[in-house]
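**Student:** This structure is in structure tokens; I'll ask about it shortly.
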Amino acid sequence: MAQSKFHVTITTPDGSVYEADATMLIFDTTDGQMGIMANHIPVITALGINAMVVKHADTNKPDDTIAVNGGLLEFDHNLATVVADSAELPENIDIQRAQSAKKHAEESIRHAKEHHDKDELGRAEAYLKRSINRLHVSQLVNK
């Protein structure tokens, strides 16, 4: 009988963020959304900035959602290893800091557009997307 669960680990430069068994992992790559289940073929992909959802076999246990802000995912031998630029569980997100970062990014975007600075605009848009991702995931714990 084929195995129905696999192990997920998420690590950032600051250390381990998450570890659990899963039945499905849903995430954004730089090319679009992807889902992985146990026994998937090996894959390595670049991650986008968005929420990563970990589904569990126990239907009484809610899905886990993690704010992942870029990085790499490798899946092989029923082990999903995520090395993320940054990743946060909803309960660990500082909402005021994320709101402040969003406001700062929006101001930086306006400034970059006024001065026609494409490099600053690109950085500010990435910061804005990260702060919006963190705010979105933080709301999941407060529902």
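**Student:** What are the equivalent ellipsoid semi-axes of the stretch 46-143, built from the alpha-carbon gyration tensor (square roots of five times its eigenvalues), in whole angstrom, biggest first?
**Tutor:** On the way: eigenvalues 178, 62, 12 Å².
Computed over the stretch 46-143, the values are 30, 18, 8 Å.
**Student:** A follow-up question, please. So what's the gap between the Cα centers of the stretch 79-143 and the stretch 11-28, to the nearest angstrom?
**Tutor:** So the separation of the two Cα centres works out to 19 Å.
**Student:** Name the residue, out of ASN69, ASN50, ASN60, whose mean-square fluctuation peaks in a Gaussian network model built on the chain with Cα pairs under 10 Å.
**Tutor:** In the Gaussian network model the winner is ASN60.
**Student:** Run the numbers on the chain and let me know its relative contact order in percent, using alpha-carbon pairs under 8 Å that are six or more apart.
**Tutor:** Answer for the chain is 22 percent.
**Student:** Moving on. How would the stretch 92-139 be classified by its alpha-carbon gyration tensor: rounded, prolate or oblate, with rounded meaning a/c under 1.5 and the a/b versus b/c comparison settling the rest?
**Tutor:** On the way: a/c = 3.81, a/b = 2.52, b/c = 1.51.
Cα axes put the stretch 92-139 in the prolate bin.
**Student:** Where the only charges are on Cβ atoms (+1 Lys, Arg; -1 Asp, Glu), what is the dipole of the stretch 1-67 about its Cα centre, to the nearest 20 debye?
**Tutor:** Numbers: 3 positive and 8 negative charges, 37 e Å.
Value, rounded to 20: 180 debye.
**Student:** Heavy atoms only, probe 1.4 Å: what % of the accessible area of the chain goes to carbon and sulfur, would you let me know? Intermediate results must be reported in sequence, preceding the final value.
**Tutor:** Values: 4350 of 8610 Å².
The value for the chain is 51 percent carbon and sulfur by accessible area.
**Student:** Nothing charged except the Cβ atoms of Lys and Arg (+1) and of Asp and Glu (-1): what's the magnitude of the dipole of the chain about its Cα centre? Round to the nearest 20 debye.
**Tutor:** Details: 14 positive and 21 negative charges, 77 e Å.
Once rounded to the nearest 20, the dipole reads 380 debye.
The values are calculated or read from the model by the stated rules, or taken from the named source; none is laboratory data. Owing to the predicted nature of the structure, the values given are computational and were not obtained by experimental measurement. Note: ideal-geometry Cβ built from the backbone for every residue, glycine included; neighbour counts use all protein chains shown. Heads up: the accessible areas ignore ligands, DNA and RNA and are worked out on the full protein's heavy atoms, side chains in. Shrake-Rupley method; radii C 1.70, N 1.55, O 1.52, S 1.80 Å.
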